[in-house]
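> Can you read through this structure? Questions will come right after.
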Number of protein chains: 6
Amino acid sequence: MANPHSLQALSWRRLYLSRAKLKASGRTSALLAGFAMQVAMVELQIENEKHMDDPAYEKLVVCFTVCSVLLVLVHLFALLISVCILPNIEAVSNVHNINAVNESPHDSLHNYIEMAWACSTILGIVLFIVEIMFLCWVKLYDHRTSAWIATAMCIPALLLLCLFAIRFYVILMQHKFHRSSRGLEELENMATKLNGDNQLNIQTV
Amino acid sequence: MANPHSLQALSWRRLYLSRAKLKASGRTSALLAGFAMQVAMVELQIENEKHMDDPAYEKLVVCFTVCSVLLVLVHLFALLISVCILPNIEAVSNVHNINAVNESPHDSLHNYIEMAWACSTILGIVLFIVEIMFLCWVKLYDHRTSAWIATAMCIPALLLLCLFAIRFYVILMQHKFHRSSRGLEELENMATKLNGDNQLNIQTV
Amino acid sequence: MANPHSLQALSWRRLYLSRAKLKASGRTSALLAGFAMQVAMVELQIENEKHMDDPAYEKLVVCFTVCSVLLVLVHLFALLISVCILPNIEAVSNVHNINAVNESPHDSLHNYIEMAWACSTILGIVLFIVEIMFLCWVKLYDHRTSAWIATAMCIPALLLLCLFAIRFYVILMQHKFHRSSRGLEELENMATKLNGDNQLNIQTV
Amino acid sequence: MANPHSLQALSWRRLYLSRAKLKASGRTSALLAGFAMQVAMVELQIENEKHMDDPAYEKLVVCFTVCSVLLVLVHLFALLISVCILPNIEAVSNVHNINAVNESPHDSLHNYIEMAWACSTILGIVLFIVEIMFLCWVKLYDHRTSAWIATAMCIPALLLLCLFAIRFYVILMQHKFHRSSRGLEELENMATKLNGDNQLNIQTV
Amino acid sequence: MANPHSLQALSWRRLYLSRAKLKASGRTSALLAGFAMQVAMVELQIENEKHMDDPAYEKLVVCFTVCSVLLVLVHLFALLISVCILPNIEAVSNVHNINAVNESPHDSLHNYIEMAWACSTILGIVLFIVEIMFLCWVKLYDHRTSAWIATAMCIPALLLLCLFAIRFYVILMQHKFHRSSRGLEELENMATKLNGDNQLNIQTV
Amino acid sequence: MANPHSLQALSWRRLYLSRAKLKASGRTSALLAGFAMQVAMVELQIENEKHMDDPAYEKLVVCFTVCSVLLVLVHLFALLISVCILPNIEAVSNVHNINAVNESPHDSLHNYIEMAWACSTILGIVLFIVEIMFLCWVKLYDHRTSAWIATAMCIPALLLLCLFAIRFYVILMQHKFHRSSRGLEELENMATKLNGDNQLNIQTV
């Protein structure tokens, strides 16, 4: 029933999408991991001088450490997936043979590719904003007003980001559904037309 | 009425434009976010030593924090949009099939692409200049003259930038309008000529 | 028996895979070695001020040093292999001659390429996480709770990474096995069909 | 009179030139802005410790601040123009249609492109040298001899740069004039020859 | 005797190999020189505070200085060779003319290219490991155990690296020898076959 | 007399060489200027604390300042030339028209291109080594032995570099002369052969 040629064209499209996603996720993770380490380094250089006996500050340091470590782990994980899978896909995309697409593991490893992308974009950026929020608290511990204002700015930003992520997903799904339904409609039209032609042919015969 | 082939050529043009804008916005945001974090880091390392009891200085720190956080958030937002949408567009632009352009979500996500671009260019650079202004005040708090002069230089620069942005938008719109109207004129000429030819043909017949 | 043309196509595929792996391993090693040196630098700048007489701290410094040196060595080793072998492969992949693939040493040096890749990805990232764990202990020696929590986060991350590495290897092998067995099946089908055709031909003769 | 085909070829040449200039100006501005911020950061970290009551030093700080802010503003401006216009030009240069050149706004925005280029090259580098001169004075305030020598080296360098800029402009103009006049000569020769051929043809007729 | 066409193909292959080696050596040298300077900078910032009167420490500083300077010189030398020769080779590889390969100086400058490559890879990485060893001693002068362990790790690494370099060279030579001898065998086979054909032809005549 | 087609091929070759040289000089200058500023920054951060009254140290600071400023000026100059000329050459090399090479100003600006290249390679690297020598003296002022050894290593390195530069120039010239003389020989052979053929033709006639 299904056209084997168009199935392969679809598979190449998925291959190119996977490749583009892995490349983007690798680059973004390297960049944000670099920023995160720079931020954490500065924090670690200074924080153990004052407020040694303040239990609230101690809790803050715990939260900041958890967030920093999580952020670096998430980006290292995305980087690892990107570095492991990308060469297998790139080796295939260099071959100028339309059947080569079946050799590429991008369909079997689909879940990992999506995970790497989600880790380095949505999760990675959300954690980065939380990290900035904690950093403001750690650094501006003596300027409470500034710290509260920074928190008040980061929380709506987080909500906005999640909203964008959902909207983006919905639009992408709608776009795909719209494309498929239009494809179906065209097929039906073709079928009707063919039927009509056949009946015409029959009548003319 | 409309030529389907030229409609697709137009759609490819919009696809290339979206791709170029997302690439430029991703690169600029990474660069400026890096500069902004470097600036904010230096500020955070030193500022809590002097002027502890000066309420004016306290307000300055609040403003500087607000501006820094906003700047980083704006660039992170532009980066997120760029990283989310770009792979979907690049996957399509690698396919050598003129109909593939309909699969790309660059028309549905048009608003987000424009937003990412505006965030990373106009808003991002305006906030960066404001950040430099506040930085000069925080750092040169004891050299008031320098701080005032820096402010006096940044404000016209901000105005100039906004003026450039408006001029750029106007010229771009005029260019597009000029192109469309010339296209229409040519169509009319062609129509007149065709009519004339037809009448000639009729007369010669 | 074997088709010489398809053998060469296979060899080109292995060449592209080797090139992609070496490129990825070179880039990742440069990035992570840079991060590692930045981390170790900061550590070396500060640690010799406090806790001079604490034997537990002394042991910690030993572990951290071992891990840092190992990390830098592993990445330098991956970088060296990548820099040594890559030019020999790239020189061949620029030649537009299908027989040139036999000149490339990617089959003889297969083990080294796999080693460089394993060093810079799996081993390199595992060591990097261990390094972060030790860094948290060295820096947060006075904030034991934070250090314990960071350790509690890194250990499952390490397990997860190893699990991913095994899963990835299994999926890749399954994919290759699946591809080969399907290839065999198709060959058998062809053989049966040819036999049938031959018998038909014989019968028709 | 004018050959429409060669007019379009000329327009493509201008498009490629604009694209190359915008790319070069974007890259140079990012680089020099990074250097300038690094320089200014170091200055801001130290300067407010000594010479607090020296009015000459105060004036020096004012000059240095003015120069630094101007330098960063100039490069931000060049960056903004490059980021705004480049995507519109790149989108066109990807289209493989010789008439597409008319869609590109590189002729309407010619002045802005030249401005971005001048900002990031001539003005940007001149300001950078002035910045280095002031930096030497601020840093080597106690080593007057060094500061004077640095000044004595920067001023001829500035003159040399301006001289080079003028020479470069003159050579470029001469080259263009030479090209055009040779083109005209060739046209005249062709015209004379054609006339001669025509007369010959007439005579032979 | 020799086929001029295959001689030129061989020359192009050497050209591509030289280009790939020079590119790799330029990039690696820039990277490692950057790391080396960063390491040496940190060392120079701190070392002159303690252990002023310890003659063993003084000797350590001498060794570290020698190694740092040698490392930077080696990478600068590799960079210089790469920057000097690469443009002459790249200019030729852009020309689409099979005879252009004779214009390229990659055969005359063969020794320098190999030297640049050896400097930036083998010698550069060996010196870098020695540098790390000395750095550990300079920084961990009060933590002798750590310093001894670091030394105990670096020395086998150095041996391993040299072993790899030798193995790599042997495999490459074996590969080339194997290729040439197979080529000779094929030629002999061809000759035998031609002789046989000739004799057959003679017999049939 | 001269073949116009081969003249243009030669001109394209010079164009590609100029482009490759300008690119290499731009990249090297950016890299080395970055290293130089990093070195000079560190120096400027510390030097004004000790040895205030030592006239020998004062002279050292003068020399170091002169060398640093000269180094940055040389690389800025090379960068400026590269950024100014490159777009004019790149715009031409994108046009697929063999006559376009005459539009490119690479022949008129030949001297500037060679100067940029010499500035960023030979002069730039020589000055960089002198800078390292002075840096060792400024930093290791209390460890005279180290400073003398560093000097003893840099001076032969400088000689070696100059020797390489001269050797490289000689080999390049010899290569060009060898190519031209072989070209002439071939022409003479062709001429002799043609004469012979003519005489043969005459005799046979």
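> Summarise the partner chain shielding of E:181-191 as one whole number: the mean count of Cβ atoms from other chains within 10 Å of each residue's Cβ.
0
> Then there is this: Ranked highest first by the average count of other Cβ atoms within 10 Å around their residues, in what order do D:78-90, C:25-37, E:161-173 fall?
Ranked from most to least packed, the peptides come out as D:78-90, C:25-37, E:161-173.
> Let me ask something additional. Using the 10 angstrom Cβ neighbour count as an exposure proxy, how do E:131, E:114, E:185 rank, fewest first?
Listing E:131, E:114, E:185 from fewest to most nearby Cβ atoms yields E:185, E:114, E:131.
> Using +1 on the beta carbon of Lys and Arg, -1 on that of Asp and Glu, and nothing else charged, what's the dipole of chain E about the Cα centre, debye to 20?
Here chain E has a charge dipole of around 560 debye.
> Further question on the same structure: Rounded to whole Å and ordered largest first, report the semi-axes of the equivalent ellipsoid of the stretch A:97-159 derived from its Cα gyration tensor (root of 5λ).
They are 43, 9, 7 Å, listed largest first.
> Here are some pairs, E:21/F:176; A:21/C:21; A:21/E:21; E:21/E:59; A:176/B:176; which of them have Cα atoms lying more than 26 Å apart in this structure?
Result: A:21/E:21; E:21/E:59; A:176/B:176 exceed 26 Å.
> Can you grab the distance from the C-alpha centre of the stretch E:65-90 to the C-alpha centre of the stretch F:67-88, Å, no decimals?
20 Å
> Also, quick follow-up: Placing one identical point scatterer on every Cα of the protein assembly as shown and ignoring solvent, what is log10 I(q)/I(0) from the Debye formula at q = 0.05, 0.06, 0.07 Å⁻¹?
After summing over all Cα pairs, the log10 values are -0.42, -0.61, -0.83.
> Can you list the distances in nanometres, one decimal and ascending, from the residue E:7 label point to the identical position in each other copy, with the point 7 Å along Cα to Cβ?
3.2, 3.2, 5.5, 5.5, 6.3
> To one decimal in nm, how far is residue A:183 from the same spot in the other copies, if labels go 7 Å from Cα toward Cβ? Please give the shortest first.
The answer, with the shortest distance listed first, is 2.9, 2.9, 5.0, 5.1, 5.8 nm.
> In whole Hz, what ³J(HN,Hα) sequence does the stretch D:28-39 give by Karplus (6.51, -1.76, 1.60; θ = phi - 60°), x for Gly and Pro?
5, 5, 4, 5, 6, 4, x, 4, 4, 5, 4, 4
> Shifting gears a bit: Shielding of E:86-92 by partners, i.e. mean partner chain Cβ atoms within 10 Å per residue?
For this peptide, the per-residue mean of nearby foreign Cβ atoms is 6.
> Placing the label point 7 Å from Cα along the Cα-to-Cβ direction, what are the distances from residue A:155 to the equivalent spots in the other copies, shortest first, in nm to one decimal?
When each copy's label point is compared with this one, the spacings are 3.5, 3.5, 6.1, 6.1, 7.1 nm.
> Let's see if you can work this out: charge +1 on each Lys and Arg Cβ, -1 on each Asp and Glu Cβ, no other charges. What is the dipole magnitude of the stretch E:87-170 about its Cα centre, in debye to the nearest 20?
460 debye
> Under the Kirkwood approximation for Rh and a Cα-based Rg, what ratio Rg/Rh is obtained for chain A?
For chain A, the value is 1.22.
> While we're on this one: Give me E:69, D:130, D:39 ranked fewest to most by other Cβ atoms within 10 Å of their Cβ, as a rough exposure proxy.
Lowest to highest Cβ neighbour count: D:130, D:39, E:69.
> Next up: Would you be so kind as to identify which of F:117, F:137, F:162 lies farthest towards the positive end of the dipole of the stretch F:102-205, taking Lys and Arg as +1 and Asp and Glu as -1 on Cβ and the Cα centre as origin?
Value: F:137.
> To continue, here is another question. Once label points are set 7 Å from the Cα along Cα→Cβ at both residue D:182 and residue F:97, what is their separation, rounded to one decimal in nm?
1.4 nm
> Which of rounded, prolate, oblate describes the stretch A:87-205, given a ≥ b ≥ c as roots of the alpha-carbon gyration tensor eigenvalues and a/c under 1.5 marking rounded, otherwise prolate only if a/b is larger than b/c?
Because a/c hits 1.5 or more and a/b fails to exceed b/c, the stretch A:87-205 counts as oblate.
> Which value, in debye to the nearest 20, gives the size of the charge dipole of the protein assembly as shown about its Cα centre, when Lys and Arg are +1 and Asp and Glu are -1 at the Cβ?
I would put it at about 3000 debye.
> Rounded to the nearest 500, what is chain E's calculated 222 nm mean residue ellipticity when only DSSP H runs of at least 4 contribute -39500 (n - 2.57) each, over all residues?
When only DSSP H runs of four or more count, the value is -30000 deg cm²/dmol.
> With a point put 7 Å past each Cα toward its Cβ, work out how far residue F:63 is from residue A:171 in nm, to one decimal.
With each label placed 7 Å out from Cα toward Cβ, I get 6.4 nm.
Quick note: the coordinates plus some simple rules give every number you see, no bench work behind them. Quick caveat, the model's predicted, so the values are computed rather than measured. Please note: Cβ atoms are built from the backbone with ideal geometry, for glycine as well, and neighbour counts cover all protein chains shown.
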